[in-house]
Structures are given as structure tokens and as C-alpha cells.
Amino acid sequence: MLQNKGHMGLTPIFSSDSDKNFFYQDLVETNIMKEVFKSDRIKLKYDYKKFDFQKAVIKNLISLGIIKKKDFVEINNDLSRLHEILSDREKNLDEHELNGVTRKFYEFDDKLQMLYVNFLTNVISPIFPNKIFYQKNPTFRFSFPQNKDKFIKRYHSDIMLGHPPRELNIWINITDVFSTNSLRIMNLKKSLSLLKKCDMNFEIFAERVQYDELFQKELKKNSCSLEMSYGYFTIFDSRCFHCTQQNRTDRTRVSMDIRIIQDTDFELLKRKYIGTGRKRSKFVPGEYYARKKI
Ligand SMILES: [Fe+2]
């Protein structure tokens, strides 16, 4: 028996055969990206001067005591040089591939939360024909340059961690992203064909991601890094496999990932969705999603 690594052991477990059937029906029936955008992935622009996440993130880094204002001045107030003023302890990854700064940043102030809700209300929600439920607390991630030991990319889709298939992923880069400091993503067609190669079984997929070298090569060959400057964001079909990678650039990446679901899509789901992680998040309004749709 292979040792559990990456997302192995964290894929959905079904309570019955009908539960499993409903899951796969939801998985194949969803087509929101195609219907709304005619594509499984879309890059859009917003007014970053109005929704200045960079400024808000810097303020929070200072108020959380992660950096000092005077040190930040020394790197020309450049968030992509953040790694230059942090200790290794704050930058090193734990077993979940999270570093100390990303963990500490789970807490942020009301101003940043307000900016987030404003952005969703004024930029994201108007894109969709229906009202949306949104992830109550966004996740901010910091990826620092690191050249140390081999890092196995954790290709995954959020669905295989329990999220509902009708959900959409939104990825917002708060620094410019390029090459390995960015998100790696695969288009929908290829993602579904690789899942088929794993008998549509996410546990098999998670295992091959970690242990099957040929499969790893195929994943890499069929995916690409998003290239975007600050002021853009990407929305993608939640069935697209994606992962972060070992940042071999000399620039820190800061990004925010959020999930939304149209109210009409939420109503169409055929089963209850629960996160497979420690928190066992319930993907319902008032829990993982904010109670109020916008
Ligand atoms: Fe993800």
C-alpha cells in the first residue's frame, strides 16, 4: 500500500450508490463557463486603483506584525520582493505546502474584508446572469522563490476535495505572475480525458499525480502557467485540473483564490457537498458561502 501523499485520502467518499450517481451527474451536467463565457477559462481586467488589493495586503502584513514598514521601504514598497525581508522560518513550507505567512494571513482586518465584498459586488457579480453565493473568507496565498528539494506538483480540482461541481474558481493575482510563480492549469477537455484515464476516480487520479512519473509528465505537458499582470483575474471551470508549482523565479507571488456559485446552480445540485479536509466545511450559504447572495 502506497503512503498517502498530496491529496490522496482526501477525495470524496460516497454514502451510497445513489449518492455517487448524483455526484457524477452533477459533474457531467455542469456547463456554466461555456454557457456564460463560451470558454472553460477567461481572463478579465478590473480597476485595481479602485480595488487596490496590493495596498490592502501590505497594510495587513504590517498590522499582523509580519513585516515592518521601514523594511518594506527598503525593498521599494515592492510586494514581489517580500521574500527579501522575511526569515526562512516564515517562508518554508509545511506538510500541506503552506508557509508561515500564508497561515498567518488567514486573519485579516475588516477593511480588507470590505474591499473583498465590494469587489465581488461590483466586479464579479455583474458578470453573471444570476445572483451569486461567494466564499465567505477568501484565501490569500504567498509563494516565495525557492530552489530547494524536489516538489511534486499537486494537480487537483477543488471538486476532488469536496466542492460542488457547479462552483467556479476565481484566481486573482495581486502581484504580476509569470512562469513558475503562477498557477498551472489544464483545459477542461484534457482534464476530463485524464480523469477518464483514471476510471473517473479522483482517488486514483490523486495517487497517479504523486507516484506515476509518466502521468506526471502528461500533466505537465498538457498544462500551462497563467501569465497576468496585476489588475487581471481568471475565472475557470472547477473541473479544470490546476496546481501551484515550485517558484523558481526571483519574485514573490501573492494571490487570492475564491469560489462562487450562482444561486440557480446551487439549487440544481443533486446532493450535499462537504469538504474532505479537517474542517469538513459545508458548502452551503451561511457556512462556507456568505449567507447573503449578491
Ligand atoms: Fe484548487
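Residues that are out of contact with any helix residue (DSSP H, G or I) (no Cβ under 7 Å at 6 or more places or on another chain), polar (S, T, N, Q) and more than 21 Å from residue 45 (Cα to Cα) within the stretch 93-126 comprise just one, 102. Candidates 187, 130: the one that is among the polar types (S, T, N, Q), over 20 Å from the mean Cα position of the chain (by Cα) and modelled with pLDDT of 95 or more is 130.
Are any residues in the stretch 211-243 within 16 Å of the ligand (Cβ to nearest atom) and in a helix (DSSP H, G or I), and if so, which ones? The answer is 219, and nothing else. Within the option set 42, 58, being among the hydrophobic types (A, V, I, L, M, F, W, C), surrounded by 14 or more Cβ atoms within 10 Å (Cβ to Cβ), over 27 Å from residue 96 (Cβ atoms) and in contact with a Phe, Trp or Tyr (Cβ under 8 Å, 6 or more places away or on another chain) holds for one residue only, 42.
When residues in the stretch 107-126 are screened for being of a type in the set (Ser, Thr, Tyr) and more than 14 Å from residue 55 (Cα to Cα), 2 of them pass. Taking the stretch 244-288 as the range and being more than 12 Å from the chain's Cα centre (by Cα), closer than 30 Å to residue 45 by Cβ, within 16 Å of the ligand (Cβ to nearest atom) and modelled with pLDDT of 95 or more as the test, the residues that pass are 253, 261, 283, 288. Among the residues of the stretch 151-178, those identified as at pLDDT below 95 and more than 11 Å from the ligand (Cβ to nearest atom) are 151, 152, 153.
Of the residues contained in the stretch 278-289, one or more are found to be touching an Asp or Glu at 6+ places or on another chain (Cβ under 9 Å), of a type outside the set (A, V, I, L, M, F, W, C) and either at positive phi or part of a loop (DSSP other than H, G, I, E, B) (or both). The test for being touching a helix residue (DSSP H, G or I) at 6+ places or on another chain (Cβ under 8 Å) and acidic (Asp, Glu) holds for residue 167.
The values are calculated or read from the model by the stated rules, or taken from the named source; none is laboratory data. Just so it is clear, the model here is predicted, and its values are computed rather than measured. Here Cβ is always computed from backbone atoms with ideal geometry, including for glycine, and neighbour counts include all displayed protein chains.
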